[in-house]
Every structure is written in structure tokens, then in C-alpha cells.
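> The structure's right below; bear with me while I get my questions together.
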Amino acid sequence: MDEEPERTKRWEGGYERTWEVLKEDESGSLKATVEEILFQSKRKRVTESHGQVRLGMMRHLHVVIDCSRTMDDHDLKPNRLTASLKLLETFVEDYFDQNPISQLGLITTKNKRAEKLTDLAGNPKKHIVALKKAVDTVCIGEPSLYNSLHLAIQTLKHMPGHTSREILVILSSLTTCDPANICELIKTLKSLKVRVSVIGLSAEVRVCTVLTRETGGSYHVILDESHFKELLMLHVKPPPASSSSECSLIRMGFPQHTVAYLSDQDAKPSFSMAHLDSSGGAGLSLGGYFCPQCHAKYTELPVECKVCGLTLVSAPHLARSFHHLFPLQAFTESPAEGFCQACQGELKDKSIFTCPICGGVFCSECDLFIHDSLHCCPCYLIPDGTISVCH
Amino acid sequence: MKLNIEGLLVYFPYDYIYPEQYSYMLELKRTLDARGHGVLEMPSGTGKTISLLSLIVAYQKVVEELRKLMEYYSKQTGESNNFMALALSSRKNLCIHPEVSALRFGKEVDGKCHTLTASYIRAQRHSDPDVPVCRFYEDFDAVGRQVPLPAGIYNLDDLKDFGRRKGWCPYYLARYSLLHANIVVYSYHYLLDPKIADLVSKELAKKSVVVFDEAHNIDNVCIDSMSVNITRRTLDRCQGNVDTLHNAIQKIKETDAEKLKMEYRRLVEGLKEANVARETDVYLANPVLPDEILKEAVPGTIRTAEHFVGFLKRFLEYLKSRLRVHHVVQESTPQFLKDIFDKVCIDRKPLRFCSERLQSLLRTLEIADIADFSAVTLISNFATLVSTYSQGFTIIIEPFEDRTPTIANPVLHFSCMDPSIAIKPVFQRFQSVIITSGTLSPLDIYPRILDFRPVTMASFTMTLARTCLCPLIVGRGNDQVALSSKFETREDFAVIRNYGNLLLEMSAIVPDGIVAFFTSYVYMENIVASWYEQGILENIQRNKLIFIETPDAAETSMALEKYQEACENGRGAILLSVARGKVSEGIDFVHHFGRAVIMFGVPYVYTQSRILKARLEYLRDQFQIRENDFLTFDAMRHAAQCVGRVIRGKTDYGIMIFADKRYARADKRGKLPRWIQEHINDGSLNLTVDETVQLSKHFLRQMAQPFRQEDQLGLSLLTLEQLESEEMLKKISQIAHQT
């Protein structure tokens, strides 16, 4: 038997009524009303996001992961914890892909306590390693919403005003064990302009509704794993910056990558500053990025210089954040037939989407893909290769 | 928006309307047009009351117009301002006198008020200015009656504010203003309880429309208002009252014998005055004052005050001897009358006049504090009732309570078994009486037990954009043990354990608040004790806090407050309460305060009670309602009341769990309101605990998805244009389920 004893068998698990997902509505089509509403909201997301709004591109996000008893539930396979951590790994990657000059930190909460898994940092690798390690965590006790939020604002409140302060809570439990009144904390969060969003894994909890409404975040509850993923991906995109957030100039360094060879006499091997604190990791190396201000060496970008505190990025990173400012226009919805120009599949849905500039038609799936990931219409890339902007 | 309901212009104060509201108004209008009575059931939280008011206001305006004919016709739209509506409550809630309003109990306030405002007290003041009176009442009496209350809508606080500004007594102002108010809102008792109705409601116009809202319990209110319970304490206090009366008579005889003579002469004349009033149809009939006695003079045996007091003493002694029994006695009213005649030679006739005679005596003796005389009033009312009605009442004397057979605590229950007696004058007098509530199913039983003929009976469903209620019938535990609260399995360990399991599992998956109802306090105590021993409570407490309703009101309101706090800040809570208790009747659990409600067992009334047995017998003989039918009806309306607590609107959602296999039977299920029944399909019958958990999980996730007003629009929420479309009108006509 290669299975752990505590993991129950498939037939011992919850009784599922898989056939009930398919529901016939009045007209006889197999589309549940709720799904219809969901589809509408999905579309809405695409259309809504296309205003000319100021987006907070420098983000500081704390992800709070519930590790309480309820994460052992098997309704996500193999259990809630493993499934969430897996999804979070892809989330972390996408997050840094879309927001290269942002930072992220992980917090876990269990047994009425909150612990920091990783500090706020701009390096995805460290977080992913931590997430992989966290799979073996024993899920025990109740979570504490208060303690986790409190821990998160300890660091967030020191972040400069022009960046966005965000907390994303993955909450599986329906109860929270708090040392003090959470309403006071919500007020503090509001005054600190911290945006708290919650993804619930089981059901709608009142305190989360209040929390997210007061702090301007979003609150969603998952239906299944794919829906969970979708909801997580919502948080990849930077939120609109609040109009009251201050504007300031930020000093940034753009270090060149110097490549040195062993044959080169001048090259001296040196440690990367980023690896000083971690015991393992890369040892001595020759080349790297050198801070233009103090010449500290780093092997990876983006990073905040440990010596002089300068934000070090590379030019492509900034360029990547650019599409958030000039998003692709929403495609117009119309009923028609034909083939999708992106996936070449037959258009079977009741509506298709047309790019207002080039007139290309797409199915709803491709439409979402283009807007969420590609950020440009595949049919009219301008020859010089830069991203075309629909203005 | 302005609606056109079969030719009647109705002003509706919102931009949107639910289809069932429109349908409700339609039915209501038909009832009023037919000048008949109606029974209407509509789910709570779907805007029943606003529909009611909108239509009735519009309807009254039409009546107004017809009377005043064409000259006002042109002003029609400008007329909406001279409309008056007010709420009436007891002196306790309306008094603004600094000393009187500080008293804590309603009875004390009434008594104190009476000592300050009674007519002879005020007469005394003319000669002796030191006698204290209520200045608010004096001011009101001096000028208040000439200047009517300005048109407008008054709730209790508005009335008090107005009273303070003017220096008038709000209570008497409200009572006086009832006569020319267009809409009056007050408690049932002001109309059904004969003692109060006589004071407050008897002058209401014949053309009034009477609406009993939340009327699912109306038969019990009727019965309670006519029933009398006499204990040894009542008799002791009554004895004291009689002695006081005796002394007062002696005193007045020495000082003012003329007064007693005057009274005697008046009594010889008989109660002609009241008779004339009733014949000319000015007043609402009083069931305690039977028609026959109005035509006769007060019999000679009790005409003089001393004789009457002697008569009361004899009657009292007789009752005392009856309470000295050692076994349960049940007899009908004629039997009782025969016995009383045999033993103490009291005839039927003087008994019948007892209540009126006492009132007259109290007036003559100028006794200020009526509250002290409640015991003797009760006894005299009993005397009148017992001698007037030969049917519909029963007398049961129990020497001890069933639970404590060793402690002697004799009680004489004079119990009304026919709710139609109390409500009959209301049906007879008023043109239209509407009975409406969220849970009235099965509709046809109400006209039968209240003995009237409705012109409309309709049950409305909720049109929903999403299925926001999830009724589930749990019949088995995970180990296939049948779940039931029936007597034989009540003590069964396996059943109790499975009930505990159900609550435990639900507490893990339902967010925020869960309300659980048990069939009785005793049953709840047993089960909770057993859960504690099995460690189930401890496990539940890991998920949610537990609060328990107790018979003590202060404790319960404290528990409720903490319960709500726990729901509010995310800890989650369970409230264990009792069907037919305070929580099940009056308290709403909106949104997160109640995401699930669990009904443990079928809330049958305690069937061993002799009063209930007598009532069932009566129902069977008089109305051909089988005992079982009535018991089930009564149990199901309470169950529906309990589970209905969680859905208070269309944006709300909640799970309703019926944890008893008996609910799955057609006779039980069929008695649930239509709006709940509709959502019980074959797949939600006789579930195990596991299946319930899975279904609930699925439901809760679905309901947690964002839900906006636009999603409802056009489906369960209509604009005026949508309402007027052909298709919608056709749909609406199907909402009302005529029976």
C-alpha cells in the first residue's frame, strides 16, 4: 500500500452527485442558471477592465493561506491544501510575470496563530520553494483571520504610499479564532488603505463580506478547482490605484548584465548579495548584475539592493508592466457563425467576439485568452514587433 | 410607479415590483370588490405588507371619491395628502407622564393612569385641588378633542413627540383619533380580546377593512382571549377583592346612600342603553355581553350592592370547594351549572349578569385602581361566560400538574375550544376581513375552524431568479437508523447520536449562523445532555459557539445578542431553540444570522394535555376535522414558521433541514406552504446525513456566487414596462394558486 493511512479511499470520500451539475432549464438546454450568471460575470470582467484607469503597478501583496483543519477536506483533489498550494505556485509565477516590479509574501495560519512563510520579496523562486515545502504541513486547529491580517499589516504599513498594499486570503475554514474584535482591525486596514480580497473555499462568511466591502477588495467563493484557478488569476492583474494614493518619483537602477570568463584576468569570483542570508544556493560566480550605485552584485533581477536600497530592474520588466496601462479594447459581442481566427475551431457559442480594429472574429474562450494573457490581438501585430495599442 | 390593477390606480412606492406582489394585489382587490373575506398566503420577505397597504390606500381613495362624487374628481391627484394612519399600543408604550411612564409593568402603568384620569377623580379635583391628576390628560380633554390630529403617518414615537409638543396625552389622543384615521395599526388583542375591544375598537366604522397580518396563529389568539384559568391564588386575591368591596359598600352607605339607590334604579331600567346601541349597529358586538341579557333587567337577586357581594362570596366559596378535588374532573358547562345550582343554589340568570353587574358596582363605588380588581373581574367574566355558552367551552379541574404529581397545585381551566366565538363579531361587523401570513397552508382549514366563508383563498409562490432555498428532508443517519422524534424512539441512543452527528456535520460546512429547533424544552434538555456525555457538543464547539434558548426571557435575549455577535465577527454560532418558543415566532434570522435551520423532529403539540384533547374532540364533532389532521396541521404550521425564519427576502438564502423521516410522507409534506413545497423534489426526500452535507455544500457554493439586481430583473423583479407585457401578465396569473 503506497497510500498514506490517513488519506481516505475514493469510495470513503464524500458522496458526490456529479450528474446534478447538468441541469435543464425551462427551455431545455443544459445550462444551469448559475453558470449563466457566472459566464456573464466573466464577460463583465473583460469589459469592465477596459477603462482608462490608473493602475497600481508596484504592488505589495501578502497571500494568507489557511492551514486549518478544514484544509484536509477532500472536495478538491487530493485535498484542499495540496490543490491550493499547487494553484498558488502557478499564481506566483503569473504574478511576477505580469507584475515584475511588485513584491509578494506568504503567510500561513493555523491553530489560532499566524506565521510568516516568506517575507515580502520580488523573487518568485523563493516563494515557490516555500510553497512546495508547505505541502507537508499538518493541518490543525482553527485559523485566525485577525492574527494573519495583523501580521500582514506589520510589514505592509511601512510600504511607500505610491505602491498598492494588498492582502489576499485563501480561506477554507468557516470560523475564525480571534484575540480581539476584528471590526477594529478592519477600520485600521481601511485607514492604512490596505485592500483585502478573500477567496473562500467552502461558503460565504459574513465577516469576509464585510472585510472586503470595507477595504475595497473582492470576495469570491469557489465552485470547483477550475473556478478556483480563475478566481486566483483575477488577482494577477493589478487593481486600480486609489485616486488618493500619492504620486512620487522612484529611483530605479538598471544594471547591465556583465558576463565574465574565467580566462579574463580581471574577473574575480564573488558572492551574490541575494544569497548571503540563505545557507544553500549559488556560491561564487563571475558575472552578474552590479548595482549602479554601490556595485553590489546580484544574480537575478528584479531585486531591491541590500546595501543601498535601490530598486534594481531591467528595462524589459518595465515594458512588461506597460500593457496594464494601455489594455486591449474590449471586443464587440455579436451573434454570427464561422470559424474562430485564433483557435480555428467552429464557432458554436451563441455569440462571438469581433475585434473593433481588425475585424477578426473569436470564440469566447479565445477572447478571454487574448485579453487575459496575450494582451494584443493576434491578427494585427504591427511589423516592427512592438505591441500595438488600440487608440 | 403607478400601477393599474383592474381599473384601480395604485401608487406603489418602489421602482420595481415582484410579480407575486402584483398578483397579491389583484387577489386582494377582488376580495374587497366582492365585500367578502379572504385568506391569502404569501412567503415572508416578498413584500406582503407593502402590497397590502398600497392597494388598500388606493381602494380607500376610490371609496372616498365615490362618496364625494364628481366635484373632487378633478383634484384627484392632489388629494393624497389628507391621509391619516396611526399605530396604537398600550399605555405602557405611549405614556409620557414622567412618573407613570417610569413604572416597569404594563399593569402598573394602566392602574396608575386610571387613578389620575378616572372621571370621578377629576370630579373630586373640582372641590379639592390637591387631588393629583395627569396634566397631559387634562390638557387633551380641554382642547384636544376639538382639534383633530393633523393628517399624516404616525408611529408610536411620532405620537409621543406630538403629545409632548402639545402637552396632550398620546394614548388618549391616539384612541380618540382612531375614529377618523384611515389606517390603524395595532395588535390583534385590541380587536379580539373582548375586554379591550370593548374599549378601543367598538366604534370602528362598519365599512372598515380588517387585515390580520401574520395570522397563522389567529385561532390560538382567539381561544386564549376567551379562556380563563383559575388557580388558588386567583381565588385568594379574589377573596381580598370581595372583602374590599364589602367594606367600600359599608362606607358609602354611611356617607352617600343615595348613590347606591341611583344605581339600583338604573339597574331596574336594565341595560337598555347598550341594547339600543347594538340594535342601531353602532358598536362591535362583545361576546362577553350576550344579546339576551341586553333585553332584560338585572335580576333582583343581585340588584343591590350587598346582595351582589354576598352572591360573589357564595360563588367564590363554591369555586374553592371545587378546587379541593383530588382527581381530574372534566365537565361541560351545563353540567357545571347544574352542579352549582344543586350545591349553592346559584341560578343561571344572575351568573350571566355577573360581569356587567360588577362593572356597574366598580363605577358606583368609584374605585380608582382597577388593576387591583383583576381577580374579581376574571371570576365574574368566567361566571358570565360559563352561563352564556353551553357549547364550545369545557371545564377541566386538575389537582396537580402532570410533571409534579405530588405537589398540589389545583387549576380550573375554563377553556374555549371554538376560536370562532371570539372572532365572530369581527366577521359579522366588518365588510372585508383579510387573513394573511407567510405560512397558512393548508388554506382551507382556517375558514373551517374560524367558521367563515371566504371569497378568495390564494397561495402565492416566490418567483426566484435563483433557487435561494434548499429544503431537505433527512430521514436516516449514516448508519441507516431512521431519524424521528416520535415517542417510541425519543430516548433511543442511536437516534440522539445521529441527530448530534447531523448538527456536527452541518456546523462544519455552514457559515455563520445555524438555528436548530427542538420540539420541546424537555426534549431539548434530554438531547443536549446526552450529546454532552457523548462528547458531541465539544466537537461542535470547535466549529461554532452554542447558545440555548431558555424559558427565561432575559436569558434568551442575552443569548440572542451574543449569537448575533458571534455571527457578525466570523466565529459562527448555533442557536438551540424550541418550536413554539419566542425565537420561533418573533425573531428573524436574515442573511448570515441564519444560513441553515434544522428542525429536529415534528413539533407536535403535547398531546396528553386534557385541554387539547377536549379541543380535538370538539373539532371532530363540530367541524368534522379529524384529530390527526388538526394535529398535523398544527405541527406543520409551526415547522413552517420555524424554517421560514431564515428566508427573509429574495437576496437571502438558506438551507431548511427537516430532520425526521415522517416529513417525507405526503400528508406532512402536503401541508407545508406552497413556496417551500415547490422546492422539495424527490431527490431531497429521506436523505442520509452524508447526502445532506453534500447537497448543502453544493448549494452554499452556488449561493455564494455574486448575485446582482440585474440578474433578478425581468424574472423576479419587474419594471412597469415589463409588468405590462402580455407574456408576464399570463405568467402572473399562474402565481396565485387558488384553492
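> Need one value for B:497-510: mean number of C-beta atoms belonging to other chains within 10 Å of its residues' C-beta atoms.
Counting other chains' Cβ atoms within 10 Å and averaging over B:497-510 gives 1.
> Classify segment B:85-205 as rounded, prolate or oblate, taking a ≥ b ≥ c as the square roots of the eigenvalues of its Cα gyration tensor: rounded when a/c is under 1.5, otherwise prolate if a/b is larger than b/c and oblate if not. Don't skip to the answer; put the middle values down first.
On the way: a/c = 1.59, a/b = 1.37, b/c = 1.16.
Cα axes put segment B:85-205 in the prolate bin.
> Using only Cα atoms and rounding to the nearest 10 degrees, what angle (0 to 90) does helix B:420-429 make with the longest principal axis of chain B?
80
> Would you kindly find the accessible area of B:Ile536, with a 1.4 Å probe and non-protein molecules such as ligands, DNA and RNA excluded, rounding to the nearest 10 Å²?
Its heavy atoms expose roughly 20 Å² to the probe.
> Mean residue ellipticity at 222 nm from the helices of chain B, using -39,500 (n - 2.57) per DSSP H segment of n ≥ 4 over the full residue count, to the nearest 500 deg cm²/dmol?
Only helices count here, giving -15000 deg cm²/dmol.
> Can you tell me what share of the DSSP beta bridges in chain B is antiparallel? A percent to the nearest 5 is fine. Intermediate values should be presented prior to the final figure.
Numbers: 23 of 69 bridges.
Antiparallel bridges make up about 35 percent of those DSSP assigns within chain B.
> Continuing with this model, one more query. For segment B:618-692, what does the relative contact order come out to in percent, with C-alpha contacts under 8 Å and a separation of six or more?
For segment B:618-692, the relative contact order is 24 percent.
> Relative contact order for segment B:550-687: what is it in percent, counting Cα pairs under 8 Å that are at least 6 residues apart?
Computed over segment B:550-687, the figure is 28 percent.
> Using the charge dipole of chain B (Lys, Arg: +1 at Cβ; Asp, Glu: -1 at Cβ; taken about the Cα centre), state which of B:Gly670, B:Ile647, B:Thr456 has its Cα farthest towards the positive end.
The residue sitting most towards the positive pole is B:Thr456.
> Assuming 0.36 nm per residue, please report the length gained on full extension of the stretch B:Glu401 to B:Val455 beyond their Cα-Cα distance.
Result: 15.0 nm gained on full extension.
> Apply 1/(1 + (r/R0)^6) to the Cβ-Cβ distance of B:Glu491 and B:Ser187, taking R0 = 30 Å, and write down the FRET efficiency to the nearest 0.05.
On the way: r = 40 Å, r/R0 = 1.35.
E between B:Glu491 and B:Ser187, to the nearest 0.05, is 0.15.
> At 1.4 Å probe size, with the rest of the protein present, what percent of the exposed accessible area of chain B is carbon and sulfur atoms?
The computed percentage sits at 51.
> Over segment B:85-205, what is the relative contact order in percent, taking alpha-carbon pairs closer than 8 angstrom and at least six residues apart?
37
> To continue, here is another question. Can you bin chain B into rounded, prolate or oblate? Criterion: square roots of the alpha carbon gyration tensor eigenvalues sorted a ≥ b ≥ c, rounded for a/c under 1.5, prolate for a/b above b/c, oblate for the rest. Could you put the intermediate results ahead of the total?
Details: a/c = 1.90, a/b = 1.32, b/c = 1.44.
Oblate, because a/c is 1.5 or more while a/b does not exceed b/c.
> In nm, give the distance between the simple-model label positions of B:Glu727 and B:Lys613, each being 7 Å from the Cα along the Cα-to-Cβ direction.
So the label points at B:Glu727 and B:Lys613 sit 6.1 nm apart.
> Something else now. Can you give the accessible area buried between chains A and B, summed over both chains, with a 1.4 Å probe, in Å² to the nearest 100?
On the way: alone 21670 and 33440 Å², together 52170 Å².
Interface between A and B: roughly 3000 Å².
> Give the distance, in whole Å, between the Cα centre of segment B:320-396 and the Cα centre of segment B:408-460.
That distance is 26 Å.
> Please report Rg (one decimal) and Dmax (integer) in Å for the Cα set of segment B:469-706.
Answer for segment B:469-706, Rg first and Dmax second: 17.2, 55 Å.
The values are calculated or read from the model by the stated rules, or taken from the named source; none is laboratory data. Keep in mind it's a predicted model, so treat the numbers as computed, not measured. Neighbour counts run over all protein chains shown; Cβ positions are idealised from the backbone, glycine included. Calculation scope for accessible area: heavy atoms of the full protein, side chains included, ligands and nucleic acids excluded. Shrake-Rupley method; radii C 1.70, N 1.55, O 1.52, S 1.80 Å.
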